[in-house]
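A short worksheet on the structure shown next.
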Amino acid sequence: MSASTVEMAVETPVARPARPTPARIPLSRIVGVEFRKSFDTRSGFWLLAGIGILAVLATGAVILFAPDSAIDYETFATAFGFPMAIILPMVAILSITSEWSQRTGLTSFTLVPHRGRVILGKAIVALVVGVVSMLVAAAIGAVGNLLGSAITGVDTVWNVSALELGYIILANILGMAVGFMLGVLIRNSPGAIVAYFVYSLVLPTITSVLAQTQEWFADKQPWVDFNYAQGALFDGSVSGTEWAQLAVTSLFWLFIPLTIGIWAVLRSEVK
Amino acid sequence: MIKVESLTKKYGGFTAVDDVSFTAQPGRVTGFLGPNGAGKSTTMRIMVGLTPASSGTAEISGRRYADLPNPGLEVGVLLDASAQHAGRTGREILAIAAQTMGLPKGRVDEMLDRVSLTPSEAGRRVRNYSLGMRQRLGIATALLGDPDVLILDEPANGLDPAGIRWMRDLLRGYADQGGTVLLSSHLLHEIEVIADDLVVIGQGRIVAGGTKAELLAAAGTLVRTRDVPTLSRALVEADLHFSESTGALRVEADPDVVGEVALAAGVALTELRAADGAGLEEMFLELTAETQREGVAA
């Protein structure tokens, strides 16, 4: 018996009153729900609170330990930038992978039966969280710069321009995008986090050793090494060539794997 | 109403769901019954779009699941009560679902009340919930949007007897108001007390289906005698199909027919009755005998 059809005996059922077809769930609501989901667990809350806390700690450490000559805004920006570069990608990774690792996707993807919309909602939330976090950290650093210079009695030095700050924010957003990409590609929290550290810490070490020892690679490095190409964003000025290098490397190291990951998310089975 | 047509799901060479078709009617509770690994959960995941089908279609209220604009308001789904973020509170899980569906906040408390989760329980994180509490929370999520259709995978798992009774009454009331309920189980007794219609699945294929009353009636006649060989011969001559189990014969015919055959053969009977007392269990084991893992002891 390979084909079997079952027809049930039909009694006259009590019909439920017909209701109007509900409206499609708007994207704004999906974004709102995803925003709430990134705050409403202890881990999510402390991850985001950690951004503020670490920015304060980093700023405090500069005031306490940096030599007077180094009390300028660039020092503060470097200090709060480091924890941001670690935490923000984690926020992006976990927003994706928890749907699989915690299996909440079973509910999320049945309430919104278009996974692409859920992923888009998450991407918007990650972008907003990233930009706001960086601005908050920048403000905390600015307060630290004022306090630090007042305490040490040196002139307050604002040696990071708005444009330079914009580049740093962009670099951090790219870091989040990498986390997002690894999230959709790997769909497992520990796996994606480990992959991120390999990607952002181990890989640059290997490429820099390679560049030092192999001349043929040193010439091509700006065009193949995504981490290296991002360096220009932290140097404060980005030339046309450097933008092109950033675009080429991000295509291979970010956008192509991101496309593959999203394609896999849309097609894979959610269990 | 749920309509499944020729649904097939293949994983490489393995066919998990093989040409499954059935309909779950409004106003009725349809039980989806089968041993573990028979394809129940896969079929249900395909219905709600979590697993892509290899071929075939599943429609809910006349539309594909992905075409429902706000599915939570039309279909209540509970596939796995444990699939929740362990770090969220029960109330928060309901609140997120309510927000997604665009429901007012008051709906969350109504549902907590409906599934008998107290405010203090609702405020606990799900990692501290028993399986029974998770099932109640899952059912609350499914009922949240007051949908026309419920799809529940093993909802009675982890509920105590009072909980199973509670769920039976809840689903009965739901169907009586015109709702369509599809629930799966690998336990017959659960399904037997709740369902109106049954779809039995084994190794991905539907092996039986119909109303519970029909399937019970089809169970035939139970007859006992001290002279089994003579009666067996007489039944074979009368062209009746039967099977032997624990000193009794199960005959696929009505009791009066069997009684007349026995009388003609001059066999004294010690028992003659409709076999529905034997319950659905025997039927279930029989129906799935060739397709289940253990094989039935003869």
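Every number here is computed from the coordinates shown, using simple stated rules; none is lab data. Predicted, not measured: the structure shown is a model, and the values here were computed from it. Methodologically, a virtual Cβ is constructed for each residue, glycine included, from the backbone with ideal geometry; neighbour enumeration extends over all protein chains shown.
Going by average Cβ neighbours within 10 Å, how do the peptides B:150-163, B:129-142 rank, with the highest at the top? Write down the numbers at each step before the final one.
On the way: B:150-163: 19.3, B:129-142: 22.1.
Peptide ranking by packing, descending: B:129-142, B:150-163.
Per 10 Å bin, what percent of the C-alpha pairs of segment A:129-271 does each bin hold, from zero upward?
11, 30, 31, 20, 8, 1, 0
Quickly rank B:172-184, A:18-30, A:128-140 as a protection proxy: mean count of other C-beta atoms within 10 Å, highest first. Don't skip to the answer; put the middle values down first.
Values: B:172-184: 20.2, A:18-30: 13.0, A:128-140: 18.5.
Taking the mean over residues of other Cβ atoms within 10 Å, the ranking is B:172-184, A:128-140, A:18-30.
Whole-Å semi-axes of the protein assembly as shown's equivalent ellipsoid, largest first, each the root of 5 times a Cα gyration tensor eigenvalue?
Details: eigenvalues 815, 128, 74 Å².
Each semi-axis is the square root of five times an eigenvalue, giving 64, 25, 19 Å.
Under a no-solvent Debye model with one identical scatterer per Cα of chain B, what's log10 I(q)/I(0) at q = 0.07, 0.11 Å⁻¹?
-0.34, -0.72
Given A:Lys122/A:Lys220; A:Lys37/B:Lys9; A:Lys271/B:Lys3, which pairs have Cα atoms separated by over 29 Å? Numbers along the way, then the final one.
Working: A:Lys122/A:Lys220 35 Å; A:Lys37/B:Lys9 33 Å; A:Lys271/B:Lys3 22 Å.
Going by Cα-Cα distance, A:Lys122/A:Lys220; A:Lys37/B:Lys9 fall outside the 29 Å limit.
Take A:Ser98, B:Ser120 and order them by how many other Cβ atoms sit within 10 Å, fewest up front.
Details: A:Ser98 22, B:Ser120 7.
By the 10 Å Cβ count, ascending, the order reads B:Ser120, A:Ser98.
If you add up the charges near A:Gly116, with Lys and Arg at +1 and Asp and Glu at -1, over every other residue whose beta carbon is less than 13 angstrom from its beta carbon, what do you get? Mind showing how you got there, number by number?
On the way: positive: A:Arg115, A:Arg117, A:Lys122, A:Arg267; negative: none.
Charge balance near A:Gly116 sits at +4.
For a test of the definition: using alpha carbon positions, the gyration tensor, and the 1.5 limit on a/c, classify segment B:90-162 as rounded, prolate or oblate.
Working: a/c = 1.87, a/b = 1.20, b/c = 1.56.
Oblate is the answer for segment B:90-162, as a/c is 1.5 or above yet b/c matches or exceeds a/b.
Read phi for every residue in segment B:66-71 and hand back ³J(HN,Hα) as whole Hz from Karplus 6.51 cos²θ - 1.76 cosθ + 1.60, θ = phi - 60°, with x for Gly and Pro.
Working through the residues one at a time gives 5, 8, 6, x, 9, x Hz.
Could you work out the local net charge near A:Gln102, counting Lys and Arg as +1, Asp and Glu as -1, over the other residues with Cβ closer than 11 Å to its Cβ?
Values: positive: A:Lys37, A:Arg103, B:Arg88, B:Arg127; negative: A:Glu99.
Summing Lys/Arg as +1 and Asp/Glu as -1 gives +3.
Pairs of Cα atoms under 8 Å, at least six residues apart: use those to get the relative contact order of chain B, whole percent. Display every interim value, and only then the final one.
Working: 580 pairs, mean separation 62.5, N = 298.
Here the relative contact order equals 21 percent.
Which net charge results when you count Lys and Arg as +1 and Asp and Glu as -1 among the other residues whose beta-carbon is under 15 Å from that of A:Trp263? Present the calculation step by step, with values, prior to reporting the outcome.
Values: positive: A:Arg115, A:Arg187, A:Arg267; negative: A:Glu269.
Residues near A:Trp263 contribute +2 overall.
Quick one: angle between helix B:90-101 and the longest Cα principal axis of chain B, in degrees between 0 and 90, rounded to 10, please.
Result, in degrees: 80.
Kindly express, to the nearest 10 degrees and within the range 0 to 90, the angle between helix B:228-237's C-alpha long axis and the longest C-alpha principal axis of chain B.
Orientation of helix B:228-237: about 90 degrees from the principal axis.
Quick one: Debye curve from the C-alpha atoms of segment A:27-190, no solvent, what's log10 I(q)/I(0) at q = 0.09, 0.18, 0.19 Å⁻¹?
Computed log10 I(q)/I(0) values: -0.35, -1.01, -1.08.
Within segment B:174-259, which trypsin sites (Lys or Arg not before Pro) sit in a loop by DSSP and count at most 15 neighbouring Cβ atoms inside 10 Å? Write down the numbers at each step before the final one.
Values: sites: B:Arg205, B:Lys212, B:Arg224, B:Arg226, B:Arg233, B:Arg250; in loops: B:Arg226.
Sparse-neighbourhood loop trypsin sites (Lys or Arg not before Pro): B:Arg226.
If one takes the longest principal axis of the Cα atoms in chain A, at what angle in degrees, from 0 to 90 and to the nearest 10, does the Cα axis of helix A:162-186 lie?
The helix A:162-186 is inclined about 40 degrees to chain A.
Taking 8 Å as the Cα distance limit and 6 or more residues as the minimum spacing, I'd like the relative contact order of segment B:16-135 as a percentage. Can you show the working numbers first?
Working: 80 pairs, mean separation 23.3, N = 120.
Once normalised by length, the contact order is 19 percent.
Can you give the relative contact order of chain A as a percent, counting alpha carbon pairs under 8 Å and 6+ residues apart? If you can, show how the numbers build up before the last one.
Values: 269 pairs, mean separation 60.6, N = 271.
After rounding, I find 22 percent.
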